Amino acid sequence: MVTDSGNFASPEVASFWRAIRETVDRLLATLDGLSLDEINWRPAAPEANPLSILAIHTMGNVEENILETLCGQPVNRQRDREFQASGASVAAIQERWQQLQARIEAALAPVTTEALAGSYKHPGRADESGYDVLILVARHAGEHAGQAELTRDLLRATQA
């Protein structure tokens, strides 16, 4: 995996990717030591999601926005399916993240600072800069990492 900006054409891309990667790692850390039932436990709040869905959905957002929107690689994301997912083990989710990181790092490596100023089209949003795409991904991952930490805490409270 890329660990420094030396492997990227742009130090800005390296910084954004480091922040995104660390945030998704933080989210996935909420799964550590949990059973399949525990990662699929849903809080009583009507709009709350299980840890497994938060992880799968967040990775889908990262994949679509970075690989497809910014780097032009078709992903064909089916967002609604992410919220119906269940049954993925912690190991399967972590393996998906390891594979996705490698794909993203290879795709981001040649992206220049100048390219970040360009215009990109997401299927559901207006044209936006590459900077905007990466900010959206970082913000989205951070929101779901916080939700996952709270969900894990609520799960632990039901077990006490």
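Within the option set Glu64, Glu12, Glu47, being more than 16 Å from the chain's Cα centre (by Cα) and not in a loop (DSSP other than H, G, I, E, B) holds for one residue only, Glu12. In summary, Glu63 fulfils each of the numbered conditions (1) in contact with a helix residue (DSSP H, G or I) (Cβ under 7 Å, 6 or more places away or on another chain); (2) of a type in the set (Asp, Glu); (3) more than 30 Å from Tyr120 (Cβ to Cβ) with the single exception of condition (3). Looking across segment 103-135, the residues that are modelled with pLDDT of 95 or more and of a type in the set (D, E, K, R) come down to Arg103, Glu105, Glu114, Glu128, Asp132.
Are any of the residues in segment 46-59 farther than 27 Å from Leu154 by Cα and either touching a strand residue (DSSP E or B) at 6+ places or on another chain (Cβ under 6 Å) or not acidic (Asp, Glu) (or both)? Scanning segment 46-59, I find no residue that is farther than 27 Å from Leu154 by Cα and either touching a strand residue (DSSP E or B) at 6+ places or on another chain (Cβ under 6 Å) or not acidic (Asp, Glu) (or both), so the answer is no. Inclusion of Leu31 among residues that are modelled with pLDDT of 95 or more, open to solvent by less than 10 Å² (accessible area, probe 1.4 Å), not in a helix (DSSP H, G or I) and not polar (S, T, N, Q) is warranted. Selection of segment 118-160 for residues being assigned to a helix (DSSP H, G or I) and open to solvent by 80 Å² or more (accessible area, probe 1.4 Å) yields Ile135, Arg139, Glu143, Gln147, Leu150, Arg156, Thr158, Gln159. Would you call Ile53 modelled with pLDDT of 95 or more, buried (at least 20 other Cβ atoms within 10 Å of the Cβ) and within 18 Å of Ala148 (Cβ to Cβ)? No: the conditions fail for Ile53.
Looking across segment 101-114, the residues that are surrounded by 13 or more Cβ atoms within 10 Å (Cβ to Cβ) and either in a loop (DSSP other than H, G, I, E, B) or out of contact with any helix residue (DSSP H, G or I) (no Cβ under 6 Å at 6 or more places or on another chain) (or both) come down to Gln101, Arg103, Glu105, Ala106, Ala109, Val111, Thr112.
For segment 67-86, the set of residues classified as in contact with a helix residue (DSSP H, G or I) (Cβ under 7 Å, 6 or more places away or on another chain) and either crowded, with 17+ Cβ neighbours inside 10 Å or assigned to a loop (DSSP other than H, G, I, E, B) (or both) consists of Leu67, Thr69, Leu70, Cys71, Gln73, Pro74, Val75, Arg77, Glu82, Phe83, Ala85, Ser86, listed by residue number.
Residue count for segment 20-44, restricted to those that are more than 30 Å from Val133 (Cβ to Cβ) and hydrophobic (A, V, I, L, M, F, W, C): 4.
The values are calculated or read from the model by the stated rules, or taken from the named source; none is laboratory data. Everything numeric here is computed off the predicted structure, so don't read it as measured data. No Cβ is skipped: glycine too gets one built from the backbone with ideal geometry, and neighbour counts run over all protein chains shown. Each accessible area value is taken on the protein alone, full model and side chains, heavy atoms only, with ligands, DNA and RNA left out. Shrake-Rupley method; radii C 1.70, N 1.55, O 1.52, S 1.80 Å.
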